[in-house]
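For reference, the structure discussed in these notes is given below.
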Amino acid sequence: MKRQAKHSILIADDDDNLRRVLEFQLTEAGFKIQSAKDGAEAFEIFQDDDFDCVITDLRMPQLSGLELLEKIKAENSEIPVIVITAFGEVETAVTAMKAGAFDYINKPFNRDEILLTIERAVNFSETKSENRQLRELVDRQFRLENVIGESELMREVMNLVGRVARSDATVLITGESGTGKELVAKGIHFSGKRKDKPFIAVNCAAIPESLIESELFGYKKGSFTGAMRDAKGKFEAADGGTLFLDEISQLPIQLQPKLLRVLQEQEIMRVGENEPRPIDVRIIAATNQNLEKMVEDGSFREDLYFRLAVVPVHLPPLRARREDIPLLANHFFKISKQKHGFENLKIKPEVFDVLANYPFPGNVRELENLIERMVVLSDGERVTMDDVPEPVKNPAANSFAGVRLELPAENISLEAVEREIIRHALEMHDGNQSQAARYLGITRSALIYRMQKADSDE
């Protein structure tokens, strides 16, 4: 069945009969064809039009196939070039492949062979183009200039981050939950020389202690029950790029020496192996905990701390940079109304004034979620004060030591206060029990016990 013409092919061959046969076969297969009788003519045509693939003979007058290949790759390296070779020209074909040819076809060739090769070539070209566009989109999204803030505190932070992005130095980002630590880590990566390489994020608190070593370093087949094959870890996946270790404070103490060795030696060892593997990975770590205090307590190695904190970056809480709140709110408002199809939605100026006076214990993440909530629950025309939740409009009436509470009007009890604090902590940390427990200064098991006790008391 004849397909709809969509891919444009340029054919270059001084053999009139072969060129006409190719033109006929590829046109019948649904391709849009232009052809040239030599390399010089082909390059002129190439410069005047867009092509998805080029097919060229190697031996041609004026400009050989290899010379044409070189000129095309200099103009556009993503265009796949297929070379046609005569019997006994294998060495020349290999030379063409080394020069950037996608593939080669030997004469005489059959219709199915060349159609299959062209299909692979144009699919490869489309995938490469899509990947490039995706990289460009990611680059635009995560560039440092997209980290919003005009306060003096944020200007100082971004000045430091901008300088460190140019290097490969290890960075330790600290700050409360929701301050945007991962966004800054991505900004450092995508603004640096490793931006075209992988950015791999690992939440050390989200991986069970029994699995974190194999997740980070990989493992050898048969090294433990269930290891059915060799597997790369996150370090190898990030080779050449950046590994972002979020919640680094939760890395088990017994694994900290292994991470220290990786940082010092730039090599890893898979679980079950005895030979190290060299890697080239930049480390950016982040935590909402006081690592210096953990060093004093003996729960975090001092030598690892100093190795991670080559360049320490502290992100201030949102309440310390209130002048940034209207900027961030407007930014999130534009994103949210586009996301939910409210392109014409407006927002009353007094809403921004109220937001600027709210402490935002959940920081930037809480602000983003709040804006989205107000957009979704609006009348579709304007966000007004009626759309602002009461605890945000009157934080003092529902707060205790900076924590928003919704207390019963009468018959108040300590258990009720505890339930509300636990609920608030879970809400701040998107339901993550481990993070909520750390925020409250208790263990995860203690938090679960108190949650279960609260449920049984209700």
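The values are calculated or read from the model by the stated rules, or taken from the named source; none is laboratory data. Just so we're clear, the structure is a prediction, and the values are computed from it rather than from any experiment. Cβ sites come from the backbone with ideal geometry, for glycine too, and all protein chains shown count toward neighbours.
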**OP:** Determine if the stretch 291-302 includes at least one residue that is exposed (fewer than 15 other Cβ atoms within 10 Å of the Cβ), touching a Pro at 6+ places or on another chain (Cβ under 9 Å) and assigned to a helix (DSSP H, G or I).
**Re:** no
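Every residue, every condition in (1) touching a strand residue (DSSP E or B) at 6+ places or on another chain (Cβ under 7 Å); (2) without any contact (Cβ under 8 Å) to a residue 24 or more places away in the chain, yes or no:
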residue	(1), (2)
I188	yes, no
S191	no, no
K197	no, no
N203	yes, no
I207	no, yes
L211	no, yes
A237	yes, no
L243	yes, no
E247	yes, no
**OP:** Output the number of the condition that K337 fails; it satisfies all remaining conditions of (1) over 30 Å from E156 (Cβ atoms); (2) modelled with pLDDT under 90.
**Re:** (2)
Original post:
within 40 Å of the chain's Cα centre (by Cα) and closer than 20 Å to F124 by Cβ, is that true of I79?
Top reply: yes
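Confirm whether Q62 is of a type outside the set (K, R), at pLDDT below 90 and in the same structural domain as L116 (by TED's automatic domain parsing).
Here the answer is yes, as Q62 does meet what is asked.
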Subject >> Hits in the stretch 207-226 - residues which are in contact with a helix residue (DSSP H, G or I) (Cβ under 8 Å, 6 or more places away or on another chain) and among the aliphatic types (A, V, I, L, M) >> reply: I207, L216
**OP:** Give the residue that is nearest to P317 (Cα to Cα), with candidates limited to residues of the stretch 337-394 that are in a loop (DSSP other than H, G, I, E, B) and charged (D, E, K, R).
**Re:** K348
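Residues of the stretch 307-331 being over 22 Å from I188 (Cβ atoms) and either free of Cβ contacts under 8 Å to residues at least 24 places away in the same chain or not basic (K, R) (or both), which ones?
E323, I325, P326, A329, N330
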Original post:
Out of (1) in the same structural domain as G192 (by TED's automatic domain parsing); (2) at negative phi, the odd one out for G298 is which?
Top reply: (2)
Original post:
Under the condition of being in contact with a helix residue (DSSP H, G or I) (Cβ under 8 Å, 6 or more places away or on another chain) and more than 14 Å from F51 (Cα to Cα), which residue from the stretch 111-131 is modelled with the lowest pLDDT?
Top reply: R111
**OP:** Counting only residues that are in contact with a Cys (Cβ under 8 Å, 6 or more places away or on another chain), give me the helices (runs of 4 or more DSSP H) lying completely in the stretch 151-226 with at least 1 of them.
**Re:** 212-217
Original post:
Under the condition of being crowded, with 21+ Cβ neighbours inside 10 Å and either assigned by TED's automatic domain parsing to the domain that holds L327 or of a type in the set (K, R) (or both), which residue from the stretch 143-195 is farthest from L291 (Cα to Cα)?
Top reply: K186
**OP:** Tell me which of these K2 doesn't satisfy, since it passes every other one: (1) buried (at least 17 other Cβ atoms within 10 Å of the Cβ); (2) at pLDDT below 85.
**Re:** (1)
**OP:** Could you grab me the full set of residues in the stretch 43-68 that are in a helix (DSSP H, G or I) and surrounded by fewer than 23 Cβ atoms within 10 Å (Cβ to Cβ)?
**Re:** F43, E44, I45, F46, Q47, D48, L66, E67
**OP:** Count, please, the residues in the stretch 69-97 that happen to be part of a helix (DSSP H, G or I) and modelled with pLDDT of 80 or more.
**Re:** 11
Original post:
Mind checking whether some residue in the stretch 356-375 is at positive phi, out of contact with any Phe, Trp or Tyr (no Cβ under 7 Å at 6 or more places or on another chain), exposed (fewer than 14 other Cβ atoms within 10 Å of the Cβ) and at pLDDT 90 or above?
Top reply: no
